[in-house]
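Some notes on the structure that comes next.
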Amino acid sequence: MALHSEVKQTISLKQERYYEPVLDMIPGEQCQVDGGELRGVMIGGVETTVYLMVFVLSYSRLMHVSVSVKPIDTETLIRQHDAAFRYFGGMPRECVYDQTRLVVMGKVFRELTLNQRFRQYATAAGFRISACEGYDPESKGKVEAGVKYVKHNGLYGESFANWHELERYMADWLDNIANQRLHGSTR
């Protein structure tokens with residue numbers, strides 16, 4: 001019986017996940033970026049899939065959202081970054097992403113191959129690219145929560161006469177609702 005409890009204890013120890021302590025960021029240090037999509041948004045009476053790119057500054061939790069009715073490609077991602085940096089009034093030193101092909105083309109033995117066009121953009125713009133481990137959404141939890149918030153509190157159930165109305169709505173929602181929230185860690 002002692003062997004059984006020892007094996008059981010060993011298995012439970014192996015299943016525990018180690019959490020890297022997350023240090024409070026300093027202003028201007030990091031932005032977390034993630035995409036999402038929401039199906040069924042009514043635009044002009046037509047159910048449409050809206051593609052989102054959500055940017056969250058790690059220190060202040062200030063959020064910017066770019067929307068598109070087409071899947072996001074590298075050039076669109078670059079334009080969305082420019083819009084986010086204008087909205088924020090500056091650029092962070094580092095942007096954190098998951099391993100989307102828009103940013104990371106591949107990985108061999110923990111060595112990442114970055115999307116060349118996006119790497120050139122980041123280098124010219126002056127920010128560092130950081131990619132999370134694959135299948136580890138918790139490593140960029142601020143923006144993961146932001147994507148859910150946009151889908152469920154910003155867009156879900158809304159309908160718009162046209163694309164421009166959606167863009168105006170998102171700008172107003174960001175300024176008057178999303179970026180007015182008090183966050184437990186930033187109070």
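Laboratory data are not the source of any read-out in this text; all were calculated from the coordinates shown. Please read these numbers as outputs of a predicted model, since none were measured by experiment. Neighbour counts run over all protein chains shown; Cβ positions are idealised from the backbone, glycine included.
Some notes on this structure:
- With a Förster radius of 25 Å applied to the C-beta separation of T100 and V69, the computed FRET efficiency comes to 0.85.
- Dipole magnitude of region 54-163 about its Cα centre (Cβ charges: Lys, Arg +1; Asp, Glu -1), debye to nearest 20: 180
- Order of L114, L166 - criterion: other Cβ atoms within 10 Å of each residue's Cβ, fewest first: L114, L166
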